[in-house]
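Colleague: Can you read through this structure? Questions will come right after.
The values are calculated or read from the model by the stated rules, or taken from the named source; none is laboratory data. What you see is a predicted model, and the numbers here were worked out from it, not measured in a lab. Reconstructed Cβ throughout: ideal geometry from the backbone, glycine too, with neighbour counts over all protein chains shown.
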Amino acid sequence: MNKTLLIIGAIVLVIGGYVWMTYNSLITANEAISNQWAQVETQYQRRVDLIPNLVESVKGVMAQEQKIFGDLADARTKYGSAAGVDQKAEAATQVEGALSRLLVVMENYPQLKSSENVNTLMAQLEGTENRISVERKRYNDVVNNFNVTIKRFPTNLIANQLGYSAKNYFEAEAGSEKAPKIDLKVN
């Protein structure tokens, strides 16, 4: 009888240890996702902070492009009021669309290319866009690791019981692979 209790106790200890370790690894993976998304948001915020300076630097030269300035302001406002990863990602995509239209317009104004302020801001913005790309990739990597972990047996049994489900990847908005077309005709 003692031997049976000892074996049952050992089995319970092994299973309990496995559940404990799995729980801790799920917490760690989930927090890694939150941390990485915070890194993405940090870069989004940097971009959002740079945009008004860039807009102010080019506004005087490009008075007829007020719609783009309005679109940028609206997109920044939506980003600022977005709640949650999905809404922030959607709002950031809108900022990118408006910003890409502004950048295309700027290419067509030689007087802007010679402005030191504009060049400095453009360099900062390009660096920020690169950082965003890197942080998004890192975010998708940690989401992938988490999603694979919670789908593997037997971890999936524990993850389901603890309420963990697959996280969404950051995905570009449909059509974002196409360059925007800008009509520079002045009416």
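Colleague: Residues in region 156-171: is at least one touching a Lys or Arg at 6+ places or on another chain (Cβ under 7 Å), among the hydroxyl-bearing types (Ser, Thr, Tyr) and modelled with pLDDT under 90?
Modeller: Looking for residues that are touching a Lys or Arg at 6+ places or on another chain (Cβ under 7 Å), among the hydroxyl-bearing types (Ser, Thr, Tyr) and modelled with pLDDT under 90, one finds none in region 156-171, hence no.
Colleague: Inside region 120-144, can you point out the residues that are surrounded by 19 or more Cβ atoms within 10 Å (Cβ to Cβ), of a type in the set (A, V, I, L, M, F, W, C) and more than 16 Å from ILE27 (Cβ to Cβ)?
Modeller: Residues satisfying the conditions are LEU121, MET122, LEU125, ILE132.
Yes/no per residue for (1) surrounded by 13 or more Cβ atoms within 10 Å (Cβ to Cβ); (2) touching a Cys at 6+ places or on another chain (Cβ under 9 Å); (3) of a type in the set (Asp, Glu); (4) at pLDDT 75 or above:
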{"residue": "ALA89", "(1), (2), (3), (4)": "yes, no, no, yes"}
{"residue": "VAL95", "(1), (2), (3), (4)": "yes, no, no, yes"}
{"residue": "LEU103", "(1), (2), (3), (4)": "yes, no, no, no"}
{"residue": "TYR109", "(1), (2), (3), (4)": "yes, no, no, no"}
{"residue": "LEU112", "(1), (2), (3), (4)": "yes, no, no, no"}
{"residue": "VAL118", "(1), (2), (3), (4)": "yes, no, no, no"}
{"residue": "PHE146", "(1), (2), (3), (4)": "yes, no, no, yes"}
{"residue": "ARG152", "(1), (2), (3), (4)": "no, no, no, yes"}
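Colleague: If you take the residues in region 1-39 that are surrounded by 12 or more Cβ atoms within 10 Å (Cβ to Cβ) and of a type in the set (Phe, Trp, Tyr), which one is farthest from SER165 (Cα to Cα)?
Modeller: Filtering first and then ranking leaves TYR18.
Colleague: Output the residue which, of all residues in region 40-79 that are modelled with pLDDT of 80 or more, surrounded by fewer than 18 Cβ atoms within 10 Å (Cβ to Cβ) and of a type outside the set (D, E, K, R), is farthest from VAL143 (Cα to Cα).
Modeller: THR77
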